[in-house]
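Chemist: I'd like to ask some things about the structure below.
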Amino acid sequence: MRQEDGIMTIKGVGEKAVEKFDKLDIVTVGDLLEHYPRDYDEVRPIKEIRALKEGELAAIEANMVSRPQMKLHGKLKIITTVMTDHSGKMIDVTWFNMPFLKNQLHMGTVYILRGRVVRKRDRLVMEQPKIYTKQDFYNIVGKLRPIYPLTKGLTNNAIIKAMESALKESEDILEYIPKEIRNRNNLIGYKKALKDIHFPKKKEELKDARRRLVFDELFLYILALKHIKKSSHAKDSTHVIKRTEEVDRFKNDLPFELTNAQEKAYDEIMKDMGSGQVMSRLVQGDVGSGKTIVALLCLYQVVLSGYQGALMVPTEVLAAQHVKTFGNMLSSATKLSGEPIVTEQLTGSMTAKEKKAVKQRLASGEIDIIIGTHALLQEDVEFLSLGLVVTDEQHRFGVRQRETFFKKGEEPHVLAMSATPIPRTLALILYGDMDLTVIDEKPANRLPVKNALVGTAYREKAYEFMEKRIAEGEQCYVICPMVDESEDSDLENVTIYAEDLRTVFPASIRIEALHGRMKPKQKDEIMERFAAHEIDILVSTTVIEVGIDVPNATTMLIENAERFGLATLHQLRGRIGRGSAQSYCIFMMGSATQESKERLQVLERSNDGFYVASEDLKNRGQGDLFGTLQSGEKVFNLADIYEDASILEAAAEEAKKYSLEKLFSEQIDLTNEERAFQGPKNQDTRLMKKVSQYMGDVVL
Ligand code: ADP
Ligand code: MG
């Protein structure tokens, strides 16, 4: 079996499964091998009920002492029962949407159950546990089981089976990093790394495997950037865009004054765009530093110069928000011809008919500014004269996507905006092909967010506090993390949480839920109602993490804060403190170890993203290998620029002495047998694939 073979070659993978794998972008054996676990489940031995702690995933062996009951909670069917063991303590157990259990489970029987222990109104509850036979449980206890990203109809077990067989039978998993680089950086071999990332026997093995594969990703990424930079050095631009007084007047008429940092960013961008060369600039500014208005001014100026502009964002919710903001702010602005400026949106959830109409008007030049998601990258999206492309939340996109845009029209200027507060040195590595502007100042009218790090005992007080804020006419967010791995758990968690909240708060307080599994239209509708203050409390998953701007929302309660990374928490907190009113962020820890408490105290101490990031980097040694939450688009499969900053630096150092050409032409220390098998090095399609993932259409 070779990595370029289709996954049909794997024993047990039939036609049906091929379709399912395709949904996960897995077509070849090599694709499968790089489908890394998103987490690992360490199955610990059975615990006594009296020793269970909130937040943990635990197994109990216990007697069912009440008949399973079925309750309806809105549309959800919930089975509940009570278990007890020899420790004498009892615990409630619930299952969502598994009504058939009512007849399958029997009172008076002993079961082994394994599930997440959560606190519901001062009682511990085990949620959605799996039911094991003794035999099955003793087979998995003590092991690290990979948990894979799944798709409907494809189980974790099916992936494990396919993976085991692919690892065993692939003959061409070959080393491609030279020995001296591996030695200098303490990296294990590629084949072992691949094996161990999927099936580590212990945590140490997993760490080493991950380290090696993260190095690979970053090393190849930097080499790819180096190559792009070399092939796209200073290009002449056909779009020379000069500052005009219309925009300056518009700027002076804004309801607020730009900060010095915003002015400086705008200046630098305008200098670039007027220079006669193609701009490629990254604007980095902490959440709430006011990047949108800078983008708007630039796009306005581009339209006044007779060109079109595009703004690409990572989520539909954010696209809808920007379309509204732009529409409002530019409502009285006109083009030189005196006609109004036309701003429209293009997103994946629009109907085919709607999309087609927008594409036609883009191509004919009727639309001046287009705001959209990935849908903008499709091949059939054409412009009459695209002058500037802005990508918001750049860290959610890859170099490749930036490049795809670049190919549209006649090499437009490129402006990327990012809130990832990474230190300058790292930014220079990661965005090595761009110039950098930092907005290091927030609007003057902002009061720093007041933070509180608390335990669940504080929940009642937190609710009282929220009620007071709402009485003052302000709004609140509540953030829930995912409960467990099952596909629908975030939905259930958020909807149930919202329903529970409705019983806690007076009926006059309007509470709604927002989660990733909603249709984009539904999400938009909820966000619009929240922005229009028709909702007081928005209960949400991290879907609201990026970009959302509702200045009247002043209070955020984050449940199980210990389960999120610092960067995510900082982004979440960035949703408040966006107006002149005092804002409050309550980080609630479900089960706080001393370690996680110390980690979260960084957020309590400071609202500065750069400080948070640098503290995060200092602690990176601990490595938050387990339970890292992943969200949205990712440039890297495994690497995390915060956690892996030291590997990034090491990879950058090695990349200085290296190039893609060299990597492809060199014979790495293969055994003779391997070399014979591999054939000419430049046919290493797998490696080519890995690299081109970062490079888009730039050819080697
Ligand atoms: P981010 O940098 O996170 O994208 P936004 O551009 O969404 O931030 O700006 C956050 C909020 O601050 C918006 O409501 C915006 O209107 C407002 N804002 C931007 N610049 C200023 C300023 N100079 N003074 C006051 N408010 C501003
Ligand atoms: Mg923004």
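Chemist: If Val550 satisfies every condition in (1) more than 14 Å from ligand 2 (Cβ to nearest atom); (2) more than 24 Å from Tyr611 (Cβ to Cβ); (3) touching a Phe, Trp or Tyr at 6+ places or on another chain (Cβ under 9 Å) but one, which is the exception?
Modeler: The one condition Val550 does not meet is (1).
Chemist: Additional query: Criterion first (crowded, with 23+ Cβ neighbours inside 10 Å, away from ligand 1 (no atom under 16 Å from the Cβ) and either under 30 Å from Gln522 (Cα atoms) or without any contact (Cβ under 8 Å) to a residue 60 or more places away in the chain (or both)) does Ala310 satisfy it?
Modeler: Values: crowded, with 23+ Cβ neighbours inside 10 Å: yes; away from ligand 1 (no atom under 16 Å from the Cβ): yes; either under 30 Å from Gln522 (Cα atoms) or without any contact (Cβ under 8 Å) to a residue 60 or more places away in the chain (or both): yes.
It is true that Ala310 is crowded, with 23+ Cβ neighbours inside 10 Å, away from ligand 1 (no atom under 16 Å from the Cβ) and either under 30 Å from Gln522 (Cα atoms) or without any contact (Cβ under 8 Å) to a residue 60 or more places away in the chain (or both).
Chemist: Identify all residues within segment 270-290 that are in contact with a helix residue (DSSP H, G or I) (Cβ under 9 Å, 6 or more places away or on another chain) and either hydroxyl-bearing (Ser, Thr, Tyr) or more than 16 Å from ligand 2 (Cβ to nearest atom) (or both); write none if there are none. Spell out the reasoning first.
Modeler: In the first step, residues of segment 270-290 are kept if they are in contact with a helix residue (DSSP H, G or I) (Cβ under 9 Å, 6 or more places away or on another chain); the result is 270, 273, 278-287, 289-290.
Answer for segment 270-290, where residues must be in contact with a helix residue (DSSP H, G or I) (Cβ under 9 Å, 6 or more places away or on another chain) and either hydroxyl-bearing (Ser, Thr, Tyr) or more than 16 Å from ligand 2 (Cβ to nearest atom) (or both): Met270, Met273, Val278, Met279, Ser280, Arg281, Ser289.
Chemist: Now, a different point. Please go through segment 506-562 and pick out each residue that is surrounded by 24 or more Cβ atoms within 10 Å (Cβ to Cβ), among the polar types (S, T, N, Q) and either more than 16 Å from ligand 1 (Cβ to nearest atom) or without any contact (Cβ under 8 Å) to a residue 60 or more places away in the chain (or both).
Modeler: Ser540, Thr555
Chemist: Please specify each residue of segment 267-281 satisfying the condition of being under 22 Å from Lys442 (Cβ atoms) and crowded, with 24+ Cβ neighbours inside 10 Å.
Modeler: The answer is Ile269, and nothing else.
Chemist: Can you tell which of Ile422, Ile371 is crowded, with 19+ Cβ neighbours inside 10 Å, modelled with pLDDT under 90 and either under 28 Å from Lys226 (Cβ atoms) or within 16 Å of ligand 1 (Cβ to nearest atom) (or both)? Quick ask: steps written out before the conclusion?
Modeler: Numbers: Ile371 fails: modelled with pLDDT under 90.
Selected residue: Ile422, the only one of Ile422, Ile371 that is crowded, with 19+ Cβ neighbours inside 10 Å, modelled with pLDDT under 90 and either under 28 Å from Lys226 (Cβ atoms) or within 16 Å of ligand 1 (Cβ to nearest atom) (or both).
Chemist: Pick out the one residue from Met126, Met107, Met83 that is aliphatic (A, V, I, L, M) and part of a loop (DSSP other than H, G, I, E, B).
Modeler: On the way: Met126 fails: part of a loop (DSSP other than H, G, I, E, B); Met83 fails: part of a loop (DSSP other than H, G, I, E, B).
Result of the check over Met126, Met107, Met83: Met107.
A quick yes/no check of all residues on (1) in contact with a strand residue (DSSP E or B) (Cβ under 6 Å, 6 or more places away or on another chain); (2) under 28 Å from Val550 (Cα atoms); (3) in contact (Cβ under 8 Å) with a residue 40 or more places away in the chain; (4) hydroxyl-bearing (Ser, Thr, Tyr):
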| residue | (1), (2), (3), (4) |
| --- | --- |
| Ser331 | no, yes, no, yes |
| Lys335 | no, no, no, no |
| Gly338 | no, no, no, no |
| Gln345 | yes, yes, no, no |
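Chemist: When the residues of segment 563-592 are narrowed to those that are crowded, with 24+ Cβ neighbours inside 10 Å and among the charged types (D, E, K, R), which ends up farthest from ligand 1 (Cβ to nearest atom)?
Modeler: Arg573
Chemist: Could you list all residues from segment 529-545 that are touching a helix residue (DSSP H, G or I) at 6+ places or on another chain (Cβ under 6 Å) and either at pLDDT below 90 or within 29 Å of Glu598 (Cβ to Cβ) (or both)?
Modeler: Initially, segment 529-545 is screened for residues touching a helix residue (DSSP H, G or I) at 6+ places or on another chain (Cβ under 6 Å), giving 535-536, 538-539, 541, 545.
Correct list: Val539, Thr541, Glu545.
Chemist: Determine whether Ala295 is within 26 Å of Gly276 (Cβ to Cβ), within 14 Å of ligand 1 (Cβ to nearest atom) and touching a residue at least 12 places away in the same chain (Cβ under 8 Å). Give the derivation first.
Modeler: Values: within 26 Å of Gly276 (Cβ to Cβ): yes; within 14 Å of ligand 1 (Cβ to nearest atom): yes; touching a residue at least 12 places away in the same chain (Cβ under 8 Å): yes.
So Ala295 fits the description; yes.
Chemist: For the subset of segment 344-368 comprising residues that are aliphatic (A, V, I, L, M) and under 30 Å from Glu245 (Cα atoms), which member is surrounded by the fewest Cβ atoms within 10 Å (Cβ to Cβ)? Break it down stepwise before answering.
Modeler: Initially, segment 344-368 is screened for residues aliphatic (A, V, I, L, M), giving 346, 350, 352, 357-358, 362-363, 367.
The next check asks that each one be under 30 Å from Glu245 (Cα atoms); those that pass are 362-363, 367.
On the way: Leu362: 23, Ala363: 14, Ile367: 24.
Checked segment 344-368; the qualifying residue surrounded by the fewest Cβ atoms within 10 Å (Cβ to Cβ) is Ala363.
Chemist: State whether one or more residues within segment 207-219 are away from ligand 1 (no atom under 16 Å from the Cβ), over 27 Å from Ser331 (Cα atoms), part of a loop (DSSP other than H, G, I, E, B) and without any contact (Cβ under 8 Å) to a residue 40 or more places away in the chain.
Modeler: Of the residues in segment 207-219, the ones away from ligand 1 (no atom under 16 Å from the Cβ) are 207-219.
Filter once more, so that each one left must be over 27 Å from Ser331 (Cα atoms): 207-219.
Add one more test, that the residue is part of a loop (DSSP other than H, G, I, E, B), and what stays is none.
Looking for residues that are away from ligand 1 (no atom under 16 Å from the Cβ), over 27 Å from Ser331 (Cα atoms), part of a loop (DSSP other than H, G, I, E, B) and without any contact (Cβ under 8 Å) to a residue 40 or more places away in the chain, one finds none in segment 207-219, hence no.
Chemist: Please determine whether any residue of segment 593-602 is within 16 Å of ligand 1 (Cβ to nearest atom), outside any loop (DSSP other than H, G, I, E, B) and modelled with pLDDT of 90 or more. Can you show your working first?
Modeler: So the first thing to find is which residues in segment 593-602 are within 16 Å of ligand 1 (Cβ to nearest atom), and the list is none.
No: zero hits.
Chemist: Which residue pairs have Cβ atoms closer than 8 Å, lie 6 or more positions apart in sequence or on different chains, and pair a first residue in segment 410-430 that is at positive phi and away from ligand 2 (no atom under 16 Å from the Cβ) with a second residue that is assigned to a loop (DSSP other than H, G, I, E, B) and at pLDDT 70 or above?
Modeler: Glu411/Lys235; Glu411/Ser237; Glu411/Thr238; Glu411/Val278
Chemist: For segment 329-343, state whether one or more residues are more than 19 Å from Ile439 (Cβ to Cβ), away from ligand 2 (no atom under 15 Å from the Cβ), surrounded by 22 or more Cβ atoms within 10 Å (Cβ to Cβ) and at pLDDT below 95.
Modeler: Start the filter on segment 329-343 by keeping residues that are more than 19 Å from Ile439 (Cβ to Cβ), which leaves 330-343.
Keeping just the survivors that are away from ligand 2 (no atom under 15 Å from the Cβ) gives 330-343.
This time we only want the ones that are surrounded by 22 or more Cβ atoms within 10 Å (Cβ to Cβ), so: 343.
Narrowing further to those that are at pLDDT below 95: none.
Looking through segment 329-343, none of the residues is more than 19 Å from Ile439 (Cβ to Cβ), away from ligand 2 (no atom under 15 Å from the Cβ), surrounded by 22 or more Cβ atoms within 10 Å (Cβ to Cβ) and at pLDDT below 95.
Chemist: May I ask you to verify whether Ala295 is within 20 Å of the chain's Cα centre (by Cα) and either part of a helix (DSSP H, G or I) or aromatic (Phe, Trp, Tyr) (or both)?
Modeler: Numbers: within 20 Å of the chain's Cα centre (by Cα): no; either part of a helix (DSSP H, G or I) or aromatic (Phe, Trp, Tyr) (or both): yes.
No: the conditions fail for Ala295.
Chemist: Pairs, please: C-beta under 6 Å, at least 6 apart or cross-chain, first residue among the hydroxyl-bearing types (Ser, Thr, Tyr) and in segment 149-170, second exposed (fewer than 15 other Cβ atoms within 10 Å of the Cβ) and in a helix (DSSP H, G or I)?
Modeler: Thr151/Lys23
Chemist: Same structure, new question: Got at least one residue in segment 405-417 being surrounded by 19 or more Cβ atoms within 10 Å (Cβ to Cβ), at pLDDT below 70 and of a type in the set (Lys, Arg)?
Modeler: The answer is no; no qualifying residue exists.
Chemist: Moving on to the next point. Applying the selection to segment 425-457, what residues are crowded, with 18+ Cβ neighbours inside 10 Å, within 30 Å of Ala592 (Cα to Cα) and within 16 Å of ligand 1 (Cβ to nearest atom)?
Modeler: Val449
Chemist: I'd like the full set of residues that are away from ligand 1 (no atom under 16 Å from the Cβ), touching an Asp or Glu at 6+ places or on another chain (Cβ under 8 Å) and either part of a loop (DSSP other than H, G, I, E, B) or without any contact (Cβ under 8 Å) to a residue 24 or more places away in the chain (or both), limited to segment 248-292.
Modeler: Of everything in segment 248-292, those that are away from ligand 1 (no atom under 16 Å from the Cβ), touching an Asp or Glu at 6+ places or on another chain (Cβ under 8 Å) and either part of a loop (DSSP other than H, G, I, E, B) or without any contact (Cβ under 8 Å) to a residue 24 or more places away in the chain (or both) turn out to be Gly276, Val278, Met279.
Chemist: If you don't mind, another one. Away from ligand 1 (no atom under 14 Å from the Cβ) and touching a helix residue (DSSP H, G or I) at 6+ places or on another chain (Cβ under 6 Å) - does that describe any residue in segment 389-397?
Modeler: Keep residues of segment 389-397 that are away from ligand 1 (no atom under 14 Å from the Cβ), which gives 389, 397.
Still in the list and also touching a helix residue (DSSP H, G or I) at 6+ places or on another chain (Cβ under 6 Å): 389.
Checked segment 389-397: at least one residue is away from ligand 1 (no atom under 14 Å from the Cβ) and touching a helix residue (DSSP H, G or I) at 6+ places or on another chain (Cβ under 6 Å).
Chemist: Of the numbered conditions (1) surrounded by 21 or more Cβ atoms within 10 Å (Cβ to Cβ); (2) closer than 22 Å to Gln3 by Cβ, Leu206 fails exactly one; give the number of that condition.
Modeler: (2)
The values are calculated or read from the model by the stated rules, or taken from the named source; none is laboratory data. All figures in this text were calculated on a predicted structure; none of them were measured in a lab. Here Cβ is always computed from backbone atoms with ideal geometry, including for glycine, and neighbour counts include all displayed protein chains.
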